[in-house]
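The values are calculated or read from the model by the stated rules, or taken from the named source; none is laboratory data. Quantities reported herein were computed from a predicted structural model and do not represent experimental measurements. Don't worry about glycine lacking a Cβ; one is built from the backbone with ideal geometry, like all the others, and counts go over all protein chains shown.
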Amino acid sequence: MASAAFEDIAETFAFLGDWEDRYRHLIELGRAMPPLDPALQVPATKVEGCASQVWLMPRFQGAGSAARFDFEGDSDALIVRGLIALLHALYSGLTVDEVGRVDAAAELARLGLDAHLSAQRSNGVRAMVGRIRALAAAEAVA
């Protein structure tokens, strides 16, 4: 159920030969993201459970279960910004119902991230996915 943007990233990861190149690409994805307005980097948008500072600001188009999900995000760590960019590609544009059905672990495993992230970063990714799912679920019942 991956988006075209995520599929493009998956193809690029498959093309890149080694993990050093993949990490460089991940960092470039993060650098390409627009920064989150510092006024939005507040406790309400901060993701708990990440070793780095991470903020996610949801955006919804429409209302209820058919609302389209998007978000802005930022981090103080370059690789984590890249992980936010990956999650943005995975979830952006889905309905809030579809967000809950994405198997993020399986999609990210296709990139090999499950085997190449530190335990702290893996926990952070799980925390970000949990936050995204919770935001979408809350909008679905709104």
**Q.** Leu113, sole failed condition from (1) touching a Gly at 6+ places or on another chain (Cβ under 8 Å); (2) surrounded by fewer than 21 Cβ atoms within 10 Å (Cβ to Cβ); (3) within 20 Å of Ala10 (Cβ to Cβ); (4) not small (Gly, Ala, Ser)
**A.** (1)
Q.
Against the condition within 16 Å of the chain's Cα centre (by Cα) and among the small types (Gly, Ala, Ser), how does Ala105 come out, does it pass?
A. yes
Q: Select from segment 77-94 the residues that are surrounded by fewer than 21 Cβ atoms within 10 Å (Cβ to Cβ) and over 20 Å from Ala63 (Cα atoms) and list them in ascending order.
A: Ala77, Leu78, Ile79, Ala89
Q. Conditions: (1) out of contact with any helix residue (DSSP H, G or I) (no Cβ under 8 Å at 6 or more places or on another chain); (2) at pLDDT 95 or above. Asp74 meets all but one. Number of the miss?
A. (1)
Q. When you go through (1) out of contact with any Lys or Arg (no Cβ under 8 Å at 6 or more places or on another chain); (2) in contact (Cβ under 8 Å) with a residue 60 or more places away in the chain; (3) hydrophobic (A, V, I, L, M, F, W, C); (4) over 18 Å from Arg24 (Cα atoms) one by one for Ala89, which number turns out not to apply?
A. (4)
Q: Mind counting the residues in segment 1-11 that are without any contact (Cβ under 8 Å) to a residue 40 or more places away in the chain and either over 17 Å from the mean Cα position of the chain (by Cα) or in a loop (DSSP other than H, G, I, E, B) (or both)?
A: 1
Q.
I need a count of the residues in segment 16-62 that are small (Gly, Ala, Ser), in a loop (DSSP other than H, G, I, E, B), free of Cβ contacts under 8 Å to residues at least 60 places away in the same chain and under 18 Å from Leu117 (Cα atoms).
A. 1
(Q) Name the single residue that is surrounded by the fewest Cβ atoms within 10 Å (Cβ to Cβ) among those in segment 1-30 being aliphatic (A, V, I, L, M) and modelled with pLDDT under 90. (A) Ala4
**Q.** Entirely in segment 95-142, the helices (runs of 4 or more DSSP H) that have 3 or more residues that are polar (S, T, N, Q) and more than 22 Å from Gly62 (Cβ to Cβ)
**A.** 119-140
